[in-house]
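Input: a single structure, listed below in structure tokens.
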Amino acid sequence: QVQLQESGGGLVQAGGSMRLSCTTSGRTFNSYHMGWFRQAPGKEREFVAAVTSSGYSTFYADFAKGRFTISRASAEGTVFLQMSSLKPEDTAVYSCATTRNWIRQSPSDYNYWGQGTQVTVSS
């Protein structure tokens, strides 16, 4: 069993930056690839970025390329999502999740989820 907890969300102005963290419990953290997803009101959950269990490879949704950076600190059991040049359309609940498979963009391919953290970008 892996438990995930996101933090770092809040309110930011357009053009600003924010770093989200996802802390995990359980000894198997390093055996999972990790992903970030987001869900805006009235929309389906969408893939944002993923990082391999080793931390050496990453993959991004097109909207995230060049603006978002995913990384992990394996010793700390933590995954980060650094977001910059934020836009109002980035407003959503951001969640982290685990998967055994690479590269996966569908939420159904992820097994453990955090509860999410709200990110609001004002114009």
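Evaluate the stretch 38-51: report whether one residue or more is in contact with a Phe, Trp or Tyr (Cβ under 9 Å, 6 or more places away or on another chain) and among the polar types (S, T, N, Q). Yes: one or more hits. Evaluate the following for Glu76: is it over 18 Å from Gln3 (Cα atoms) and of a type in the set (Asp, Glu)? Spelling it out, it is not the case that Glu76 is over 18 Å from Gln3 (Cα atoms) and of a type in the set (Asp, Glu).
Kindly indicate whether any position in the stretch 57-77 is in contact with a Pro (Cβ under 9 Å, 6 or more places away or on another chain) and closer than 16 Å to Cys22 by Cβ. Please lay out each step first, then the result.
Our first condition is that a residue be in contact with a Pro (Cβ under 9 Å, 6 or more places away or on another chain); within the stretch 57-77, this holds for none.
No: the stretch 57-77 contains no residue that is in contact with a Pro (Cβ under 9 Å, 6 or more places away or on another chain) and closer than 16 Å to Cys22 by Cβ.
Please determine whether any residue of the stretch 44-55 is at pLDDT below 95, of a type outside the set (Asp, Glu) and out of contact with any His (no Cβ under 6 Å at 6 or more places or on another chain). Yes, some residue in the stretch 44-55 is at pLDDT below 95, of a type outside the set (Asp, Glu) and out of contact with any His (no Cβ under 6 Å at 6 or more places or on another chain). Restricting the first member to the stretch 78-95 and to residues that are more than 12 Å from Val119 (Cα to Cα), and the second to residues that are modelled with pLDDT of 95 or more and not in a strand (DSSP E or B), the beta-carbon pairs closer than 7 Å and six or more apart or on different chains are Ser84/Ser17; Ser84/Arg67; Ser85/Gly15; Ser85/Arg67. Test each condition in (1) closer than 20 Å to Asn101 by Cα; (2) among the basic types (Lys, Arg); (3) without any contact (Cβ under 8 Å) to a residue 60 or more places away in the chain for Arg67 and report the one that comes out false. With respect to (1) closer than 20 Å to Asn101 by Cα; (2) among the basic types (Lys, Arg); (3) without any contact (Cβ under 8 Å) to a residue 60 or more places away in the chain, Arg67 is out only on (1).
Yes/no per residue for (1) surrounded by 13 or more Cβ atoms within 10 Å (Cβ to Cβ); (2) modelled with pLDDT of 95 or more; (3) in a strand (DSSP E or B); (4) of a type in the set (S, T, N, Q):
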residue: Phe63; (1), (2), (3), (4): yes, yes, no, no
residue: Ala75; (1), (2), (3), (4): no, no, no, no
residue: Ser85; (1), (2), (3), (4): no, yes, no, yes
residue: Asn101; (1), (2), (3), (4): no, no, no, yes
residue: Gln118; (1), (2), (3), (4): no, yes, yes, yes
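If I filter the stretch 88-99 for residues that are surrounded by fewer than 16 Cβ atoms within 10 Å (Cβ to Cβ), under 14 Å from Arg38 (Cα atoms) and in contact with a strand residue (DSSP E or B) (Cβ under 7 Å, 6 or more places away or on another chain), do I get at least one hit? Please lay out each step first, then the result.
Restricting attention to the stretch 88-99, the residues satisfying the condition of being surrounded by fewer than 16 Cβ atoms within 10 Å (Cβ to Cβ) are 88-89.
Now restrict to residues that are under 14 Å from Arg38 (Cα atoms): 88-89.
Narrowing further to those that are in contact with a strand residue (DSSP E or B) (Cβ under 7 Å, 6 or more places away or on another chain): 88.
Within the stretch 88-99 (the criterion being surrounded by fewer than 16 Cβ atoms within 10 Å (Cβ to Cβ), under 14 Å from Arg38 (Cα atoms) and in contact with a strand residue (DSSP E or B) (Cβ under 7 Å, 6 or more places away or on another chain)), the answer is yes, since at least one residue qualifies.
For the stretch 51-58, the condition holds for no residue, the condition being that it is crowded, with 18+ Cβ neighbours inside 10 Å, in contact with a helix residue (DSSP H, G or I) (Cβ under 8 Å, 6 or more places away or on another chain), touching a residue at least 12 places away in the same chain (Cβ under 8 Å) and not in a loop (DSSP other than H, G, I, E, B).
The values are calculated or read from the model by the stated rules, or taken from the named source; none is laboratory data. All values reported here derive from a predicted model rather than from experimental measurement. We place every Cβ from the backbone using ideal geometry, glycine too, and count neighbours over all the protein chains shown.
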